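Here the structure is laid out as structure tokens; the discussion comes afterwards.
The values are calculated or read from the model by the stated rules, or taken from the named source; none is laboratory data. Source: prediction; values computed, not measured. When we count neighbours, we look across all protein chains shown, and the Cβ atoms used for this are built from the backbone with ideal geometry, even at glycine.
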Amino acid sequence: MNRQFDVAIVGGGLVGLATACALSHYDLTIAIVDSKIEQYQHLVADNLGVRASAINGASQRYFAQIGIWDQLYASNRVQEFIEIGVWEKNGQAHLSAHASDYGYPNLGYIIENHVMCHYLYQYAKACPNIAIYTHEAVASVFEQDNALLTLADNSVIQAKLIVGADGAHSWIRKQEKISLIERDYLHHALITTVETEYPHQLCARQIFYPNGIVAFLPLWQSNKSCLVWSTKPENAEMLKSMQESVFADELFRLTGDKVGRCQLVNPRMIFPLRARFAKQFIKHRLVLIGDAAHTIHPLAGQGVNLGFQDSALLVSTIKQLQDARQDIGLVANLKAFQFKRRKDTLIMLTAMRTIQDMFNGDNLLKKALRTVGMNAIDNCLPLKKQLIKYAMHI
């Protein structure tokens, strides 16, 4: 027996859940399909997650619009940061910014991914117009008037629009043979949680060195940070296999007295880094959002914010189409969404590639350009303010 929905979302991670919760405010029926979604059922107190994200102003406002921000903030697992510090190891390039310099209360928030997913999941479960399916999709058919998803338990979901929010290795994207433009960043990201000798003081820090980038994202405990260490694949594997004390020594060698000595709190995880850009964000009765549509280098912490921007614009587009009694699954009605999101994503992809290429290696000319460029930005408050506003999406 088929069950009919307006929108079926494949993928119940951050972006998929946010999209379902935002759509639930309207006269729509929504399905979420994700076999692993129940992992977000419980939140263990004081159990720090390995992965955390920098949430900008636009994403914070989206959470408020959905209706989870107050509860999320009250969890005491949200850490605002008021300062950023960027510098080059063994170089003169540096850049810093403090929220008070621009009259802002903060520059963003660092939140563990599983904390955000927990509150979104609890919200979705309580919505009468959201149905959650915990069997994975195994087949898809796109007809003129509907799309159909067959699940592993042989049940069938029918929807006017399928939203692919199932990550970088998207099943639905592959199923529909949507190809990618890809570029290997030649980096892997080693991610873990560390306890630092010195309190983070609400500062997000990033250190560039010839073989990579080390970033500290301040967490809700004053001496705990999410560590994102992007480096060459062979270096990342070596760092993961090191004894903890040797790893701590290597980290201290790069960061010096900025955070003091570090101790590991969580296991070290490695993720290959690739730029991905789907050649189509839309097809007949299908939209790709989040990592299913694009992935970027984490050096500016904008990946998840790009996904939330996809989600917010898609929700707005669906609402407008519904109000106008137009078909939400037709390509012609989704072209404006695709144009806007492809443009914004390409700008960010280009910026990340330029920054990574500029800081990759120890070429003397590059080093001189880095020093002149970063220091010029650091000393030009109007330009720096524009960059901060762009990153915060305000």
Residue check, Q60 in a strand (DSSP E or B) and within 18 Å of the chain's Cα centre (by Cα): no
Unique residue being surrounded by fewer than 23 Cβ atoms within 10 Å (Cβ to Cβ), among the aliphatic types (A, V, I, L, M), at positive phi and in contact (Cβ under 8 Å) with a residue 24 or more places away in the chain when the list is L186, L151: L186
Single unsatisfied condition, A293 versus (1) closer than 29 Å to L217 by Cα; (2) modelled with pLDDT of 95 or more; (3) surrounded by fewer than 20 Cβ atoms within 10 Å (Cβ to Cβ); (4) not acidic (D, E): (3)
Count of residues meeting criterion [in contact with a His (Cβ under 9 Å, 6 or more places away or on another chain) and small (G, A, S)] in the range 196-222: 2
Residue in the range 29-37 that is surrounded by fewer than 23 Cβ atoms within 10 Å (Cβ to Cβ), in contact with a strand residue (DSSP E or B) (Cβ under 8 Å, 6 or more places away or on another chain) and under 11 Å from I111 (Cβ atoms) present: no
Selection from the range 105-121 of residues that are farther than 14 Å from A58 by Cα and either small (G, A, S) or modelled with pLDDT under 95 (or both): P105
Subset of the range 314-347 that is in contact (Cβ under 8 Å) with a residue 60 or more places away in the chain and part of a loop (DSSP other than H, G, I, E, B) - its residue that is farthest from the chain's Cα centre (by Cα): D327
Single residue of V163, V141, V86, V115 found to be under 19 Å from I37 (Cα atoms) and part of a strand (DSSP E or B): V163
Of the criteria (1) at pLDDT 95 or above; (2) crowded, with 17+ Cβ neighbours inside 10 Å; (3) not in a strand (DSSP E or B); (4) not charged (D, E, K, R), which one V287 fails: (3)
Yes/no for S222 being polar (S, T, N, Q) and assigned to a helix (DSSP H, G or I): no
Unmet criterion (only one of (1) crowded, with 16+ Cβ neighbours inside 10 Å; (2) within 20 Å of the chain's Cα centre (by Cα)) for W87: (2)
Tally, over the range 168-183, of residues that are assigned to a loop (DSSP other than H, G, I, E, B) and either touching a residue at least 40 places away in the same chain (Cβ under 8 Å) or under 22 Å from N113 (Cα atoms) (or both): 6
